[in-house]
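Taking it in order: structure first as structure tokens, then the write-up.
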Amino acid sequence: MTQDEMQRQRIESICAVGLRVGALSGVDPGALTFCFETAVSDTPLTGAKLEVEFVPARGRCRSCGHEFEAEDFLFLCSKCDSRDVDMLTGQELDIVYLSKP
Amino acid sequence: MSEKVSVEKKVLSENDRIAAQIREKLGAKRIVALNLVSSPGSGKTSLLERTLDALNGDIKMALVAGDVQTENDAKRLIRAGGMLVRPIVTGGACHLDASMVSNALNQLDLTDVDVLFIENVGNLVCPSSYDLGEDMKVVVISTTEGDDKPLKYPSMFRRSSAMVINKVDLLGLSDFDVSKVKDNALGINGGLRIFEVSCRTGAGLNDWYTWLRELIIRKKRNET
């Protein structure tokens, strides 16, 4: 995907890929960084770093409107105990930017 | 000084694009699509066998059965009376993706089908990230597993709309606590519809069948 994007935006080389990773994305940033460094060796992306922005799981209570971080992924309103909670963030897995040297 | 070039693309955007096509195709035909997920051995295939046995002829079902290796699950579904069954052998992949499902659906005649069941690979991690164009995910858990599974795999329970607790005939033989698993699951996702069933004895399955019929009626009326 990164190489497609480099081609599309006519970028010759990059030094970093910015990634947004939600707490509920199923991706472990450490493991992904390790794989990324291995995967890019001997490709046009050699040497590029992965810069991960981690996004916690946050919810908004549909009963009282309270917004809170869902610790341990419990979507239980910390103000009124309601379980009727919309997820605001936490599912992200996005390429945010490419950095040119 | 490096320069940042904005991209802002979902890593799974290609999967999501195909999933949207599937959703549109099934939506136009008013087919309810359920993505069944669970650990290996919780009873996804058994639940579908029971459902075929009880509702075949009454409602028209199409089934796509994913497995890492073998077509055993698909064969079981055909033996149980499934007329429209396609296996997907992932050859090592731990989840189904939208392109696999799309290819399988192209090989099925979906005329007059009421409900499509997509039986995912037994895995509570990766399948949660892949949209297959379903209306909802149904997570199956069984009483021979830990009742803390919702806490261990929150993403899957958060993204599911219903939870089927299977093997309730074995309650008492393990330390599985039904009220605890419900509490754990509802903490992650307060909107979960919960069924307690035994695919071996048939206990509790009537509620599941009733819910399926309601989904189909609502889909035909275009309410979902």
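Structure summary
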{"quantity": "Spin-label proximity, residue A:13 to region A:37-55 - amide N less than 17 Å from point 7 Å beyond Cα toward beta carbon", "calculated": "A:40-50"}
{"quantity": "Exposure proxy ranking, count of Cβ atoms within 10 Å, fewest first, for A:46, A:33", "calculated": "A:46, A:33"}
{"quantity": "Gap separating the Cα centres of region B:165-208 and region B:46-97, nearest whole Å", "calculated": "22"}
{"quantity": "Charge dipole (region B:25-92, unit charges on Cβ, about Cα centre) - positive-most of B:65, B:38, B:83", "calculated": "B:83"}
{"quantity": "The protein assembly as shown - convex hull of the alpha-carbon atoms, volume per residue in Å³", "calculated": "157"}
{"quantity": "Residue among B:29, B:180, B:44 with the largest mean-square fluctuation in a Gaussian network model of chain B, springs linking Cα atoms under 10 Å", "calculated": "B:180"}
{"quantity": "Amide proton proximity set for residue B:164, modelled H, under 5 Å, gap of 5+", "calculated": "B:139, B:140, B:141, B:195"}
{"quantity": "Peptide A:24-30, shielding by other chains (average Cβ, 10 Å cutoff)", "calculated": "4"}
{"quantity": "Fully extended contour minus Cα-Cα distance, from residue B:209 to residue B:107, at 0.36 nm per residue", "calculated": "34.0 nm"}
{"quantity": "Choice from B:32, B:139, B:125 with maximal GNM fluctuation in chain B (Cα, 10 Å cutoff)", "calculated": "B:125"}
{"quantity": "Rounded FRET efficiency, nearest 0.05, which uses the C-beta distance separating residue B:24 from residue A:1 and R0 of 30 Å", "calculated": "0.80"}
{"quantity": "Neighbour-count ranking [beta-carbon atoms within 10 angstrom, fewest first] of B:51, B:90, A:38", "calculated": "A:38, B:90, B:51"}
{"quantity": "Proximal lysines to residue B:4, defined as alpha-carbon separation beneath 22 angstrom and excluding residues fewer than eight positions away on the same chain", "calculated": "A:49, A:100"}
{"quantity": "Rounded to 5, the percent of DSSP beta bridges in the protein assembly as shown classed as antiparallel", "calculated": "35"}
{"quantity": "Within 10 Å of each Cβ in B:127-138, the average number of Cβ atoms from other chains", "calculated": "1"}
{"quantity": "Phi-based couplings in Hz for region B:112-117 (Karplus 6.51, -1.76, 1.60; Gly and Pro marked x)", "calculated": "6, 5, 8, 9, 10, 9"}
{"quantity": "Residue-averaged beta-carbon neighbours from other chains (10 angstrom radius) around B:5-18", "calculated": "5"}
{"quantity": "Counted charge near residue B:58, where neighbours are those whose Cβ lies closer than 10 Å (Asp, Glu -1; Lys, Arg +1)", "calculated": "+1"}
{"quantity": "GNM top mover of A:21, A:40, A:52 - chain A, alpha-carbon springs below 10 Å", "calculated": "A:40"}
{"quantity": "Cα radius of gyration and Dmax for region A:2-99 (Å)", "calculated": "17.7, 54"}
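Every number in this text was worked out from the coordinates using simple rules, so none of it is lab data. Just so it is clear, the structure is predicted and the values come from calculations on it, not from any experiment. In this analysis, Cβ positions are derived from the backbone assuming ideal geometry, glycine residues included, and neighbour counts consider all displayed protein chains.
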